[in-house]
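Remarks on the structure that follows.
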Ligand code: CO
């Protein structure tokens, strides 16, 4: 990568935007009003706006290794708080992807130093679903299923937060779990049955 090229690309991008709309940046500077909070993986192959067809200003984005929502991670908890209470998004999406390096690393027993506590959250997902996962002989299928179950569990972590519980109750905020299939470019809706999951877990996590 050449840094000089990046600035040249930027100049061309600005020119192109202004050619289509002379007020593009003026309007952008007025503020943001995104309807969606997207929580995805940092993987360079899995973009946020581009794969969903969104433009700048339309989606609030958080990306980390393996699209995690750890309960004590101040960064993701601040993102959810800000998106729900201040931006008033109507949708929260957790988007995983097949062939996720973070999920793969969590399936192996290697000591990865500072990554260990982060990956342990994914190992916890494996432990919670170990009967289903261990019954899958094909390693590739097991890996894909763990990606899906990880998305499901991170959605549950989203739902557990006080802000989301309140917004779900008061204004029908929706939480979705998706997987991006790198092989085909397709976005897959896992169609997680949240009302059932909510019923099951809310006796433990419900807040006033
Ligand atoms: Co990934």
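The values are calculated or read from the model by the stated rules, or taken from the named source; none is laboratory data. If you're wondering where the values come from, they're calculated on a predicted model, not measured in any experiment. Heads up, the Cβs are rebuilt from the backbone with ideal geometry, glycines too, and the neighbour counts pull from every protein chain shown.
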Practice prompt. Please state which one of 111, 81 is away from the ligand (no atom under 15 Å from the Cβ) and surrounded by 12 or more Cβ atoms within 10 Å (Cβ to Cβ).
Written response: 81
Worksheet entry | Flag if residue 76 is free of Cβ contacts under 8 Å to residues at least 60 places away in the same chain and either surrounded by 17 or more Cβ atoms within 10 Å (Cβ to Cβ) or out of contact with any strand residue (DSSP E or B) (no Cβ under 8 Å at 6 or more places or on another chain) (or both) | yes
Discussion item. Among the residues that make up region 121-129, is at least one of them within 28 Å of residue 37 (Cβ to Cβ), surrounded by 13 or more Cβ atoms within 10 Å (Cβ to Cβ) and in contact (Cβ under 8 Å) with a residue 60 or more places away in the chain?
Written reply: no
Response to the item:
Scanning region 180-208 for residues that are in contact with a strand residue (DSSP E or B) (Cβ under 9 Å, 6 or more places away or on another chain) and free of Cβ contacts under 8 Å to residues at least 24 places away in the same chain gives 186, 188, 189, 191
Worksheet entry | Subset of region 14-57 that is at pLDDT 95 or above, in contact with a strand residue (DSSP E or B) (Cβ under 7 Å, 6 or more places away or on another chain) and part of a loop (DSSP other than H, G, I, E, B) - its residue that is farthest from the ligand (Cβ to nearest atom) | 35
Item to complete: Only residues that are surrounded by fewer than 14 Cβ atoms within 10 Å (Cβ to Cβ) and part of a strand (DSSP E or B): list them for region 182-192, please.
Response: 186, 189
Worksheet item: Here is a list of conditions, (1) in a helix (DSSP H, G or I); (2) within 18 Å of the chain's Cα centre (by Cα); (3) within 22 Å of residue 84 (Cβ to Cβ), and residue 195 meets all of them except one; can you say which number that is?
Response: (2)
Worksheet item: What is the residue count in region 86-105 for residues that are surrounded by 13 or more Cβ atoms within 10 Å (Cβ to Cβ) and either more than 16 Å from the ligand (Cβ to nearest atom) or over 18 Å from the mean Cα position of the chain (by Cα) (or both)?
Response: 7
Item to complete: Give region 170-179 a look and list any residue that's touching a residue at least 12 places away in the same chain (Cβ under 8 Å) and part of a helix (DSSP H, G or I), or say none.
Response: 171
